[in-house]
Amino acid sequence: DMTSFKEQIEKLKEGGKPTVASLKFLSDLGSEDRAVLHDEWPKLPTNIRLRVVSSLATIAEDNIDYDFRRVFLNALEDEEAEVRRKAIEGLIEDHSTLLMGRLLTILRNDPDESVREAAAIALGRFTYNAQCNKLGVPTEGSRLRDTLLASARDSSEDEEVVRRVVESLGYYHEDKEVQELIALQYKKRDEFSESAVLAMGRTMDPEWTPIIMH
């Protein structure tokens, strides 16, 4: 019942190292529990929220029986940047257009550079799916491409974020604008050319073979 779920969240405040046993109540949340989580989560101290999200990501990686997706989606709105970043990493198996939309919003609007960078990296699996026609909705594919290109061309965007965006765009192998962007990135040298080479490999375009081999 709701009281017990709320009590279990309250218990998290006691600190101590979170264990699988103490966190499994956060798996497979129904709508009522999600509503309680949404209200109670911000009341937890920052260090506890960070510890819980980090622990859940580790547990989820090692154990497919648990589904903490709803906790991670909730944590994408956390006021602490590191919690948001960990939540993105925790959602690694999520290929939903719901998450894609959230990541695109984060990429363009999150105030923290490391969170935008994490979103840019995570969006790579969606560009891959789009290229394989596995996104489901064609309009979502164009939104994905257009938002990533806007981010890559944004002169006010941080260079690390732009690098990761170009890497994620790499899967669009027949896209002239993307190819031009990769070529431009390669000319910048250092980490930028590293990202460009990764993107070139992802395009699987023979045109880039000499540079990749070099």
> With respect to the numbered conditions (1) under 17 Å from Leu104 (Cβ atoms); (2) in a helix (DSSP H, G or I); (3) at pLDDT 95 or above, which one is the sole condition not fulfilled by Arg163?
Replying inline: (1)
>> Show the residue pairs meeting these rules: Cβ distance below 6 Å; 6+ apart or different chains; first residue within the range 199-214 and under 14 Å from Glu167 (Cα atoms); second residue surrounded by 12 or more Cβ atoms within 10 Å (Cβ to Cβ) and not aliphatic (A, V, I, L, M).
In response: Ala199/Glu167; Ala199/Gly170; Met200/Trp208; Arg202/Gly170; Arg202/Tyr171; Thr203/Gly170; Thr203/His173; Met204/His173
> Among the numbered criteria (1) at pLDDT below 95; (2) crowded, with 18+ Cβ neighbours inside 10 Å; (3) of a type outside the set (D, E, K, R), which single criterion is violated by Met100?
Replying inline: (1)
> If you scan the range 167-198, which residues turn out to be of a type outside the set (D, E, K, R) and within 19 Å of Asn133 (Cα to Cα)?
Replying inline: Ser168, Leu169, Gly170, Tyr171, Tyr172, His173, Val178
>> Just to be sure I understand, how many residues within the range 195-211 are open to solvent by 80 Å² or more (accessible area, probe 1.4 Å) and in a helix (DSSP H, G or I)?
In response: 3
>> Among the residues of the range 128-136, are any of a type in the set (A, V, I, L, M), farther than 17 Å from Val178 by Cα, out of contact with any strand residue (DSSP E or B) (no Cβ under 9 Å at 6 or more places or on another chain) and at pLDDT below 95?
In response: yes
>> For the range 134-155, give me each residue that is part of a helix (DSSP H, G or I), hydrophobic (A, V, I, L, M, F, W, C) and under 21 Å from His95 (Cα atoms).
In response: Leu144, Leu148, Leu149
>> Within the range 167-194, take every residue that is more than 16 Å from Leu104 (Cβ to Cβ), open to solvent by less than 100 Å² (accessible area, probe 1.4 Å) and aliphatic (A, V, I, L, M) and give me the one that is farthest from the chain's Cα centre (by Cα).
In response: Ala183
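Only one residue in Asp28, Asp39, Asp78 is over 19 Å from Ser96 (Cβ atoms), modelled with pLDDT of 95 or more and in contact with a Phe, Trp or Tyr (Cβ under 9 Å, 6 or more places away or on another chain), so which one is that? Give the steps one after another, and end with the answer.
Values: Asp28 fails: over 19 Å from Ser96 (Cβ atoms); Asp39 fails: in contact with a Phe, Trp or Tyr (Cβ under 9 Å, 6 or more places away or on another chain).
One residue alone meets the criteria, Asp78.
Table: residues versus (1) open to solvent by less than 20 Å² (accessible area, probe 1.4 Å); (2) under 25 Å from Val165 (Cα atoms).
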position	(1), (2)
Ser54	no, yes
Val71	yes, no
Leu76	yes, yes
Glu80	no, yes
His95	no, yes
Leu104	yes, yes
Arg108	no, yes
Pro111	no, yes
Ser114	no, yes
> From the residues in the range 1-23 that are touching a residue at least 24 places away in the same chain (Cβ under 8 Å) and part of a helix (DSSP H, G or I), which one is surrounded by the fewest Cβ atoms within 10 Å (Cβ to Cβ)?
Replying inline: Met2
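Anything in the range 24-65 that is part of a loop (DSSP other than H, G, I, E, B) and within 20 Å of Ala122 (Cβ to Cβ)? List them, or say none.
Result: Ile64, single match.
The values are calculated or read from the model by the stated rules, or taken from the named source; none is laboratory data. Please read these numbers as outputs of a predicted model, since none were measured by experiment. With ideal geometry, Cβ positions are generated from the backbone for all residues, glycine too; neighbour counts draw on all protein chains shown. Quick note on the areas: whole protein, heavy atoms, side chains included, nothing else; ligands and nucleic acids left out. Shrake-Rupley method; radii C 1.70, N 1.55, O 1.52, S 1.80 Å.
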